[in-house]
Amino acid sequence: MYKNFFKRFFDFFIALIGLIVLSPIFIGVTIGLYFATQGKPFFFQARPGLNEKIFKIIKFKTMNDKKDSNGNLLPDAVRLTPIGAFVRKTSLDEIPQLINVLKGDMSLIGPRPLLPHYLPLYNAHQKRRHEVRPGITGWAQVNGRNAITWKRKFELDVDYVDNLSFLMDVKVFFSTFKKVFKSEGISADGHVTIEPFNGNN
């Protein structure tokens, strides 16, 4: 009952309240990133959701689009803006995803939506992460986030799918605030973002 009805009800209600309460921060970050990213404060990207259905995720854009002399984007660490680094460290870049939750693309809690080109790389067990809506935060995020291996991340995602409950979501919800406060697991060692998944790592 919770998985099929109440979870979606709570998602919509909490996301709506969250957007209203966080609207001053939302507006302030949008203005700051507008100037830091040459008028492009939001980042839109295709991601697979429930049953691998593709949707457009919305996040604050923390990196600019500066390129080298050959027209290639500079490394992530170089393109990360000062305000973008703060927004990412405090996880404020996730706030626009509340819009995805309202639309039904995402849940507050669930496996993080990854890139579409990873889909053919998953084994049968890993593909089970798409049996529920992806989340803004999830079981893997409160157990290491980007600082754990892909294998462990997928194990935790499927563990969430198998044990989804109201109590588990409450645990993840409050654990997320603890992780954000401590800024734990935001990036893998030596990288601004986690290394790409290649099917073997």
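With the crude spin-label approximation of a point 7 Å out along Cα→Cβ, what separation in nm comes out for N4 versus K67?
Modelled inter-label distance: 5.1 nm.
Residues with beta-carbon under 12 Å from that of K56, excluding K56: net charge, scoring Lys, Arg +1 and Asp, Glu -1?
+3
For segment 40-52, just list the computed ³J(HN,Hα) in residue order, Karplus coefficients 6.51, -1.76 and 1.60, θ = phi - 60°, integers in Hz, with x standing in for Gly and Pro.
Couplings: 10, x, 10, 10, 10, 8, 5, 9, x, x, 4, 6, 6 Hz.
Quick one: which of K67/K179; K56/K179; K127/K151 span more than 22 angstrom between C-alpha atoms?
Distance filter (> 22 Å) returns K67/K179; K56/K179.
Residue by residue through segment 161-178, what is 3J(HN,Hα) from phi via Karplus (6.51 cos²θ - 1.76 cosθ + 1.60, θ = phi - 60°)? Round to whole Hz and write x for glycine and proline.
4, 6, 10, 4, 7, 4, 5, 5, 5, 4, 4, 5, 4, 6, 5, 4, 4, 5
What is the calculated FRET efficiency for K53 to V78, with r their C-beta to C-beta distance and R₀ = 35 Å, to the nearest 0.05?
0.50
How large is log10 of I(q)/I(0) for the chain at q = 0.08, 0.10, 0.14, 0.19 Å⁻¹ when the intensity is taken from the Debye formula with one equal scatterer per alpha-carbon?
Summing over Cα pairs of the chain leads to -0.27, -0.42, -0.85, -1.58.
Could you pull out which residues in segment 35-78 have an amide N less than 11 Å from a spot 7 Å beyond the Cα of L119, following the Cα-Cβ vector?
47-55
With both bridge residues required to lie in the chain, what share of the DSSP beta bridges run antiparallel, to the nearest 5%?
Counting only bridges with both partners in the chain, antiparallel ones make up about 80 percent.
Residues with beta-carbon under 12 Å from that of Q38, excluding Q38: net charge, scoring Lys, Arg +1 and Asp, Glu -1?
Residues close to Q38 contribute a combined charge of +3.
How big is the accessible area of Y118 in square angstrom, nearest 10, if you roll a 1.4 angstrom probe over the protein chains?
The accessible area comes out at roughly 20 Å².
What does the charge add up to near R112, with Lys and Arg as +1, Asp and Glu as -1, over the other residues with Cβ less than 12 Å from its Cβ?
Spelling it out: positives minus negatives among the neighbours equals +4.
Carbon and sulfur atoms: what percent of the 1.4 Å accessible area of the chain do they account for?
63
So how do 130-137, 40-47, 71-78 stack up, highest first, on mean other-Cβ count within 10 Å?
Result, highest mean Cβ count within 10 Å first: 130-137, 40-47, 71-78.
Divide by every residue of the chain the summed helix terms, -39500 (n - 2.57) for each DSSP H run of at least 4, and state the resulting mean residue ellipticity at 222 nm, rounded to the nearest 500 deg cm²/dmol.
The helix contribution divided over the chain gives -12000 deg cm²/dmol.
The values are calculated or read from the model by the stated rules, or taken from the named source; none is laboratory data. All of these numbers come straight from a predicted model, not from anything done at the bench. Heads up, the Cβs are rebuilt from the backbone with ideal geometry, glycines too, and the neighbour counts pull from every protein chain shown. Heads up: the accessible areas ignore ligands, DNA and RNA and are worked out on the full protein's heavy atoms, side chains in. Shrake-Rupley method; radii C 1.70, N 1.55, O 1.52, S 1.80 Å.
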